[in-house]
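Colleague: One structure, pasted below without further comment.
Read-outs: derived from the displayed coordinates by stated rules, not from any lab. Not measured: the values here are computed from a predicted model. Please note: Cβ atoms are built from the backbone with ideal geometry, for glycine as well, and neighbour counts cover all protein chains shown.
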Amino acid sequence: MPGETARGSAEAEKRLAAARAVELVRDGMVVGLGTGSTASEAIRLLGDRVKDGLRIRGVPTSEVTRKLARECGIPMVGLGDVPRVDVTIDGADEIDPQMRLIKGGGGALLREKIVASASGMLIIIADASKVVQQLGAFPLPVEVVPFALAPVKRAIEKLGAKVVLRGGDNAPYVTVDGHFILDCAFKRIEEPEALAATLAATPGVVDTGLFLGMADMIVIGRADQVKTYKRPKAQNQP
Ligand code: 5RP
């Protein structure tokens with residue numbers, strides 16, 4: 001991923017990446033539908049394939065995505081209706097060389113992580129601006145139970161981040177599950193796994209936008225090219 005410089009428009013790169021991922025969807029699959037502008041490109045392309053006869057069922061990760069998928073004619077199911085999700089296609093805010101991600105810029109991180117975890121395969125699609133050497137320039141979204149807002153904010157500030165309540169104190173953004181989001185500007189996250197563990201152990205933290213060891217494939221649009229990166233199989237896997 002690193003070391004490439006030529007750029008096209010971000011929108012064109014998103015479409016290219018989305019198109020490559022959508023090619024991997026087969027008849028009969030249950031497809032996790034991500035949230036955000038890049039995932040929306042994939043949903044529109046999936047909708048075109050559904051109109052051409054592809055039979056899939058989608059699991060939306062947000063209400064915005066549910067509405068778009070409905071407009072695109074994609075039949076939808078809930079996680080309780082299917083034994084598992086075959087593949088999820090979603091975007092990301094940052095992607096590092098180890099395929100670790102920051103997600104949640106669109107506020108859907110919790111459901112995105114739940115659907116991704118229920119999926120046989122997670123494909124992340126993005127324009128080239130999302131590729132970074134080190135996570136952390138994008139403020140890390142942390143989803144919090146409202147009652148715990150003050151102590152969680154203080155705890156994260158002690159870790160060295162500048163912490164902002166999404167939407168502001170007067171009109172905080174409330175997730176579909178009734179939580180708040182703290183956007184935590186760490187600038188550089190030296191050890192994403194350690195930070196994820198620390199945050200997960202903080203009472204009141206519901207989840208974070210760190211998606212570690214979850215992406216199976218990353219598809220990046222860069223200028224007029226698409227590059228695909230696969231997660232190496234674990235050594236003890238057949
Ligand atoms: C939403 C997300 C999005 O996937 C992420 O913010 C990327 O969005 P976009 O494709 O619009 O750049 O995590 O919660």
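Colleague: Over all alpha-carbon pairs of the stretch 90-238, lay out the pair-distance distribution in 5 Å bins, whole %, shortest bin first.
Modeller: 2, 9, 19, 22, 19, 14, 8, 4, 2, 0, 0
Colleague: When a footprinting reagent is the concern and you count Cβ atoms within 10 Å, what order do Val226, Val59 take, fewest first?
Modeller: Ranked by crowding around the Cβ, least crowded first: Val226, Val59.
Colleague: Can you check what the net charge comes to around Pro75, using other residues whose Cβ is under 12 Å from the Cβ of Pro75 (Lys, Arg +1; Asp, Glu -1)? Numbers along the way, then the final one.
Modeller: Working: positive: Arg55, Arg57, Arg66, Arg70; negative: Asp81.
After counting each charged neighbour, the total is +3.
Colleague: With the cut-off at 1.5 for a/c, could you classify the stretch 185-238 from its C-alpha gyration tensor as rounded, prolate or oblate?
Modeller: Because a/c hits 1.5 or more and a/b fails to exceed b/c, the stretch 185-238 counts as oblate.
Colleague: Can you list the aspartates and glutamates whose alpha carbon sits under 16 Å from that of Lys51, skipping same-chain ones fewer than 8 residues off?
Modeller: List returned: Glu23, Asp27, Glu41, Glu71.
Colleague: Please give every one of the lysines within straight-line cross-link reach of Lys153, meaning a C-alpha to C-alpha distance under 21 Å, and leave out same-chain neighbours fewer than 8 residues apart.
Modeller: Result set, ordered by chain and number: Lys103, Lys162, Lys187.
Colleague: Pop out the ³J(HN,Hα) list for the stretch 112-119 in order, Karplus 6.51 cos²θ - 1.76 cosθ + 1.60 with θ = phi - 60°, rounded to Hz; leave Gly and Pro as x.
Modeller: Rounded to whole hertz, the list is 4, 6, 5, 5, 4, 5, 7, 9.
Colleague: With a 10 Å Cβ neighbour count serving as the proxy for reagent exposure, in which order, fewest first, do Phe180, Phe138, Phe211 appear?
Modeller: Lowest count first: Phe138, Phe180, Phe211.
Colleague: Okay, next question. Running a GNM on the chain with Cα contacts under 10 Å, which residue among Lys103, Lys158, Lys187 ends up with the highest mean-square fluctuation?
Modeller: Lys158
Colleague: Apply the Karplus parameterisation 6.51 cos²θ - 1.76 cosθ + 1.60, with θ equal to phi minus 60°, to every residue of the stretch 197-208 and state each ³J(HN,Hα) to the nearest whole Hz, in sequence, with x for glycine and proline.
Modeller: 5, 4, 5, 5, 8, 8, x, x, 7, 8, 5, 10
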